[in-house]
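Engineer: Sharing a structure, written as structure tokens. Questions coming.
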Amino acid sequence: MVHLLVSPPDSLRFEVATDRPLLVIGRSSRADISVPDPSLSRSHAELSLEGEIWTVKDLGSRNGTRVNGDLIAEDTSLSFGDVISVGDTTVVLKDPTKTRSTDPESDPLIRPAEEFLATQSTDDGIDDIAHLRGLAQRLTVLNEVHQALTGPISLSELLDLILDRVFVHLDPERGAIFLSDKSGALSCAASRSMRHDELASLQSSHLVEVVINKRQVVLADDTFIDDRFRDADSLLDAGVRSLVAAPMLGPDEPLGMITLSSSAEKRSFTEDDMELLASLASVAAMRVRNLQLAESENEHRRHQREINLARRIQVALLPSELPSIPGYALHAGNRPSEGVSGDYYEVLTRKNGAEVLMMVVDVSGAGVGASLLMGALESLAASPIENGWPPEAICTTVSRLLYERTPPEKYATAFLGVLEPDLGFLRFTNAGHFPGLVIRDDGTTTQLHSTGLPLGLFPNVDFGLSETFIGRGDTLVLYTDGITESTNSRGEQYGLDRLEELCLEHRRTKPSGIARALETALMRFTGDIRPDDDRTLVIVKRDP
């Protein structure tokens, strides 16, 4: 004798009790178990008895057959309590020695949560007065919870309210609500026990697998004789006998689960309890999701305020205005990719205007961490710059101090140049930075290549010094790799060649005009792709 509980998606569930050793499940009226489910094949799956073991095999159906959520590819043996999913229909294999046909509602049951919530309004027994009273009570409880949730409420208050209603209407001995964090780890967010004992047992790995991973509602009136819980040692060791659990379903993944238990002498949960808990879990999930979204939005706003503050501080570190240098036109700007920038520039005169110092720095990484390191580097360089040190000495000192104060993966590339404006003589140190460009008035270019390693890589580094001449009509262009490494939809980088070509084309334009032309070119090149690195540009043009 086999007993099956069949739950179609859009009609009343029914039981099948038969001695036949071979049963075909399908949509066809000729099938042994005919189910009006459009997702079923005409002959979908076959149950057969071999000795004392029932097995199931798929008959080449278009939607496949699953056992306890797993798609089967060959004959699969069954145990009592296993859930067979054919299309949108579930079939539970029940132990005939424990089946009470006069009281089927007390039988152990596992059902998919989505199906449970979608079909509970079409339960059998709808004409039964007692069942109607149960439905009315459930609606009353849900309305009560909804009313309580109309005002502002914290997450802990929400969970306490859910447990209050659960203990009033379902009378468990122990109850717990478990929530998943961002990593998917499950932890107890609220709990209650009439026995004043440990509640960790309600988070057994077996229960998590069924309720969370398989998104199923679980009911067992006695775990000690229910084969489905034979491996749930933590539940059995804690004396859990009757148990009901439901997932809190979010739009993508379950947010957690609600689990209730009781000892055998206290009470056994019924399917009405199962339905009420599933409904409460659905309400709780909706509100928990709303609270999480609100918290996420608040966190985003706090983060944005911090970013805005960091940007204001950072802007204060950048030159508020560029110096006026007779015979020269200047432009400089910084555009961060994430609100704050790891780039930095400086343009200032020293030695009573006899020298103009220009510095462009690109800190490794992006975002807040890079901006903090940028601030530190600016502070380390300030005194040597003001004291008139030459570029190579500034780089040597800043590199050593940066190495001592930062982790190994943090470093910076830099270009430091000191221009004597009267003569056009430029001495520079390039610390692992992209080459500066001198765009000559005659249409040729000079690239100012690296003279040493990036800052902060090693404790003691000697930086070289090089020199060039800025003639009348020539333009010096300093930049960070956020410009040359800007990428288009095909994965191509803008590159140094395009930058050089654009600067040559606009070599007789003012520095601000070159900057505008470059910004337009970058927008056309990258299209809708958002910049993923900071962009900094310093342009110095000597009058013709």
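The values are calculated or read from the model by the stated rules, or taken from the named source; none is laboratory data. What you see is a predicted model, and the numbers here were worked out from it, not measured in a lab. With ideal geometry, Cβ positions are generated from the backbone for all residues, glycine too; neighbour counts draw on all protein chains shown. Protein only, heavy atoms only, side chains kept; ligands, DNA and RNA dropped before computing areas. Shrake-Rupley method; radii C 1.70, N 1.55, O 1.52, S 1.80 Å.
Engineer: Select from region 249-299 those GluC sites (Glu not before Pro) which occupy a DSSP coil region and have at most 11 other Cβ atoms within 10 Å, ordered by residue number.
Structural biologist: Working: sites: Glu265, Glu271, Glu275, Glu295, Glu297, Glu299; in loops: Glu265.
Loop-located and lightly packed - Glu265.
Engineer: Let me ask another. If you take the square roots of the eigenvalues of the alpha-carbon gyration tensor of region 4-48 and sort them as a ≥ b ≥ c, do you get rounded (a/c under 1.5), prolate (a/b over b/c) or oblate?
Structural biologist: On the way: a/c = 2.25, a/b = 1.22, b/c = 1.85.
Oblate, since a/c reaches 1.5 and b/c is not below a/b.
Engineer: Something else about it: Label-point separation (nm) for Phe425 and Thr520, each offset 7 Å from Cα along Cα-to-Cβ?
Structural biologist: Computed distance between label sites Phe425 and Thr520 equals 4.0 nm.
Engineer: A follow-up question, please. Just order 168-176, 491-499 by mean Cβ neighbour count inside 10 Å, highest at the front, would you? Working shown, then result.
Structural biologist: Working: 168-176: 20.1, 491-499: 14.4.
Packing proxy ranking, top to bottom: 168-176, 491-499.
Engineer: Please arrange Leu277, Leu453, Leu322 by accessible surface area, largest first, computed with a 1.4 Å probe and ligands excluded.
Structural biologist: Numbers: Leu277 0, Leu453 80, Leu322 60 Å².
Of Leu277, Leu453, Leu322, the descending order of accessible area is Leu453, Leu322, Leu277.
Engineer: Rounded if a/c is under 1.5, else prolate if a/b beats b/c, else oblate: with a ≥ b ≥ c from the C-alpha gyration tensor eigenvalues square-rooted, which is region 1-94?
Structural biologist: Working: a/c = 1.40, a/b = 1.18, b/c = 1.18.
Rounded shape, in that the Cα axes give a/c under 1.5.
Engineer: So how many Å³ per residue does the convex hull of the Cα atoms of region 383-503 work out to? Don't jump to the answer; show the numbers that get you there.
Structural biologist: Working: hull volume 13.4 nm³, N = 121.
Expressed per residue, the convex hull around the Cα atoms of region 383-503 is 111 Å³.
Engineer: Run the quick spin-label model on Asn352 and Ser48: label points 7 Å from Cα toward the beta carbon, then report their separation in nm to one decimal.
Structural biologist: With each label placed 7 Å out from Cα toward Cβ, I get 10.7 nm.
Engineer: Using the heavy atoms of the protein chains alone and a 1.4 angstrom probe, what is the accessible area of region 447-544 per residue in square angstrom?
Structural biologist: Working: 4980 Å² over 98 residues.
Counting only protein heavy atoms, the per-residue value for region 447-544 is 51 Å².
Engineer: Cα convex hull of region 463-544: mean projected area in nm², to one decimal? Intermediate values should be presented prior to the final figure.
Structural biologist: Values: hull surface 25.4 nm².
Mean projected area for region 463-544: 6.3 nm², to one decimal.
Engineer: Kirkwood hydrodynamic radius of region 422-480 from all distinct Cα pairs, in Å? Mind dumping the intermediate values first?
Structural biologist: Working: mean 1/r = 0.0801 Å⁻¹.
By the Kirkwood definition, the hydrodynamic radius is 12.5 Å.
Engineer: Could you tell me the accessible area of Leu59 in Å² (1.4 Å probe, neighbours in place), rounded to the nearest ten?
Structural biologist: 60
Engineer: Separate question: Checking the cross-link filter: which lysines have an alpha carbon closer than 28 Å to that of Lys94, excluding same-chain neighbours under 8 positions apart?
Structural biologist: Lys57, Lys214, Lys266
Engineer: Using packing as a proxy for protection, rank 433-446, 69-82 so that the peptide with the highest average count of other Cβ atoms within 10 Å comes first.
Structural biologist: On the way: 433-446: 17.9, 69-82: 14.5.
Descending packing order for the listed peptides: 433-446, 69-82.
Engineer: Whole-Å semi-axes of region 29-73's equivalent ellipsoid, largest first, each the root of 5 times a Cα gyration tensor eigenvalue? List each step's numbers first, then the result.
Structural biologist: Numbers: eigenvalues 69, 43, 14 Å².
Working from the Cα gyration tensor, I get semi-axes of 19, 15, 8 Å.
Engineer: Rounded, prolate or oblate: which fits region 384-435 when a ≥ b ≥ c are the square roots of the eigenvalues of the alpha-carbon gyration tensor, with rounded for a/c under 1.5 and prolate only if a/b beats b/c?
Structural biologist: oblate
Engineer: Further question: Solvent-accessible area of His506, probe 1.4 Å, all protein chains present, reported in Å² to the nearest ten, please.
Structural biologist: That residue has around 50 Å² of solvent-accessible surface.
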